[in-house]
Amino acid sequence: MTFPLTGRPGPRRLSVWALSRVFGTDGYADRILENAFRRYPLDTRDKALCTEIVFGTLRWWRRIDRVLEVRFRGDWNRAPEAVRRICETAVYQILFLSKVPDYAAVDEAVGLGAEILHGRWKSTINALLRSVIRGRGEAVDVSGMDETAALSVLWSHPRWIVESRISRFGRERAERMCLAENERPGLGLRVNTIATERGAVLTELAGQNLEPEPFPWLDEYLTVRKTGVLTELPAFRDGRVTVQDPSAGMAVRLLDPRPGETILDMAAAPGGKTTHAAERSGDQALILAADVHPGRLRLLGRGVRRLGLHSVWPVASDGGAAVRKPFDKVLLDAPCSGMGVVRRRPELKWRRTPEDVSRLTGVQARLLESADRILKPGGVLVYSTCTVTEEENRGVVDAFRSGHPSYRIDDAARFLPEALVSGGCAETRTDEHGTDGAFAVRMIKTE
Ligand code: SAM
């Protein structure tokens with residue numbers, strides 16, 4: 001859907017526009033909002049409200065759509081896209097945001113409907129939203145749906161995810177996992193241990209009322225609940241912290257970078273793990289940071305400069321094809337379905353399909369083959385993802401090892417606390433660890 005943004009759109013109108021862009025393009029919600037705020041500046045409170053509406057609607061989208069579907073007279077799926085987006089964002093405010101008065105959500109939706117759709121849908125939107133308000137205390141109507149479809153509505157996750165989680169973890173755990181992924185996440189920060197120590201950063205951020213908490217299992221991480229504009233904080237600007245979920249720290253712990261080693265980060269951009277590896281080696285390793293995307297490599301370069309690191313060498317390369325010499329260690333932080341990061345990227349759960357997952361396993365397998373070509377005998381290969389689909393994690397690793405019996409798994413428990421280890425690999429789950437879902441395995445090439 002395209003509708004023009006004219007004048008100075010407020011937070012609700014901008015949220016409808018941004019949601020339409022998320023559904024109409026393959027852009028990420030946070031980037032779309034970032035660009036929107038640049039063109040249509042809002043004050044901090046309105047920015048926060050707009051962001052909350054977009055992300056909250058995306059998280060609860062399936063449930064919200066069902067609420068509208070059962071109250072709409074006609075086929076909701078065939079209602080104009082603008083009507084759907086206007087009503088979805090309004091229902092999110094009505095049912096999930098206690099601080100927004102109903103009239104504010106309804107008035108704005110009706111006004112927007114009148115303007116964008118030239119008056120035709122005004123009364124329908126009004127009647128629909130008033131019906132949602134009247135039925136606020138009622139359970140979501142899932143009558144006539146099979147059990148998985150009903151759970152997909154209640155947990156607001158696509159059917160294929162609900163099915164695969166129930167079959168793998170049982171219903172209770174599947175519910176916990178899906179609901180945890182619908183929560184608003186805190187923000188993870190990694191302390192640059194070359195420049196400072198965590199205690200000092202905790203004290204500094206507490207002094208700025210950010211309510212920081214140390215992450216219990218990796219001592220260079222912390223999380224903050226209140227975020228504000230993080231990139232404007234002195235600790236960020238001066239290169240003492242990097243925004244990174246603590247789950248992302250496991251891969252570099254397994255890589256265990258040491259001074260003097262040659263390390264290839266095969267899919268490095270935007271550089272979260274590369275810079276972590278540089279910090280962990282005391283900036284004393286030689287790290288080649290390769291990525292197929294030159295644009296994303298520029299972000300990596302910016303991060304390296306901000307952190308004052310000297311051991312990282314960016315190179316544009318597909319699967320490390322440009323690399324000729326063997327390396328001591330290779331990190332493959334593979335492109336994946338991202339099903340571990342849906343708290344931050346809720347649009348992903350509506351976009352991805354099981355076919356994407358199987359296509360990605362092919363890409364991951366191909367990149368592992370390249371990693372093998374580049375790694376020295378006796379070297380260390382770390383494979384990691386930010387997804388929780390078993391096919392992309394153990395599935396890919398098992399298939400690789402069956403074609404390459406010389407690789408043995410080096411137990412993750414040697415490098416990480418028990419809470420982050422499962423079956424020799426590093427693994428986090430949102431419901432269990434309060435982090436993104438991530439996976440990492442350390443393998444040794446024995447010959
Ligand atoms: N390691 C990064 C970090 O910690 O910030 C995140 C990497 S992201 C999960 C995967 C990356 O793989 C993307 O930057 C993407 O551009 C890159 N990529 C995808 N296909 C690739 C290929 N064939 N060769 C190299 N990089 C690739």
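The values are calculated or read from the model by the stated rules, or taken from the named source; none is laboratory data. None of the values given here were measured: they were computed from a predicted structure. Backbone-built Cβ (ideal geometry, glycine too); neighbour counts: all protein chains shown. Areas reflect the complete protein model, heavy atoms only, side chains present, ligands, DNA and RNA absent. Shrake-Rupley method; radii C 1.70, N 1.55, O 1.52, S 1.80 Å.
Classify region 296-395: rounded, prolate or oblate, from the alpha-carbon gyration tensor (a ≥ b ≥ c, eigenvalue square roots; a/c under 1.5 rounded; otherwise prolate if a/b is larger than b/c)? Note, shape of region 296-395 comes out oblate. Accessible surface for D398 stands near 90 Å², nearest 10, in the context of the full protein assembly shown (1.4 Å probe).
The GluC sites (Glu not before Pro) of region 90-157 meeting both criteria, a DSSP state outside H, G, I, E and B (loop) and at most 15 other C-beta atoms within 10 angstrom of the site's C-beta, are E138. What ³J(HN,Hα) values, in whole Hz, does the Karplus curve 6.51 cos²θ - 1.76 cosθ + 1.60 give for region 234-239 when θ = phi - 60°, with x put for Gly and Pro? Taking θ as phi minus 60°, the curve returns x, 4, 6, 4, 8, x Hz for region 234-239.
A 1.4 Å probe over all protein chains sorts R13, R237 by accessible area into R237, R13, starting with the largest.
For C178, C386, the ranking by accessible surface with the largest value first comes to C386, C178, using a 1.4 Å probe. The per residue volume of the convex hull around the alpha-carbon atoms of the chain is 146 Å³. Dipole magnitude for region 40-101: about 200 debye, using +1 per Lys or Arg Cβ and -1 per Asp or Glu Cβ, origin at the Cα centre.
As a check on your grasp of the helix formula, calculate [θ] at 222 nm for the chain: sum -39500 (n - 2.57) over DSSP H runs of n ≥ 4, divide by the residue count, round to the nearest 500. Provide the component values of the computation, followed by the final result.
Details: 19 runs with 210 residues, N = 447.
Here the helix-only value at 222 nm equals -14000 deg cm²/dmol.
Between A109, A277, A195, the GNM of the chain built on Cα springs shorter than 10 angstrom shows A195 fluctuating the most. Using a 1.4 Å probe on the protein heavy atoms only, what accessible surface does L367 show? Give it in Å² to the nearest 10. That residue has around 10 Å² of solvent-accessible surface. Across the protein chains, with a 1.4 Å probe defining accessible surface, the residues K325, K445, K376, K349 rank K325, K376, K445, K349 from largest area downward.
Only four residue types carry charge here, +1 at the Cβ of Lys and Arg and -1 at the Cβ of Asp and Glu. Report the dipole size of the chain about the Cα centre in Debye, rounded to the nearest 20.
That gives the chain a dipole magnitude of about 1080 debye.
Taking 14 Å as the straight-line reach from the Cα of K99, the aspartates and glutamates in range (excluding those fewer than 8 positions away in the same chain) are D46, E52. Here is the list for region 18-86: trypsin sites (Lys or Arg not before Pro) lying in DSSP coil, each with at most 16 other C-beta atoms within 10 angstrom of its C-beta, are R73. The spacing between region 102-135 and region 18-85, judged by their C-alpha centroids, is 15 Å.
Only beta bridges with both residues in the chain are counted; by DSSP, about 60 percent of them are antiparallel.
Of the listed peptides 219-225, 4-10, what is their order by residue-averaged count of other C-beta atoms within 10 Å, with the highest listed first? Before the final figure, lay out each step's value.
Numbers: 219-225: 19.9, 4-10: 11.9.
By packing density, highest mean first, the sequence is 219-225, 4-10.
Which of the three applies to region 186-291, rounded, prolate or oblate, going by the alpha-carbon gyration tensor with a ≥ b ≥ c and a/c under 1.5 meaning rounded? Intermediate values should be presented prior to the final figure.
On the way: a/c = 2.02, a/b = 1.91, b/c = 1.06.
It comes out prolate by the Cα gyration axes.
Put simply, when 266-276, 167-177 are sorted by average Cβ atoms within 10 angstrom per residue, most first, you get 266-276, 167-177.
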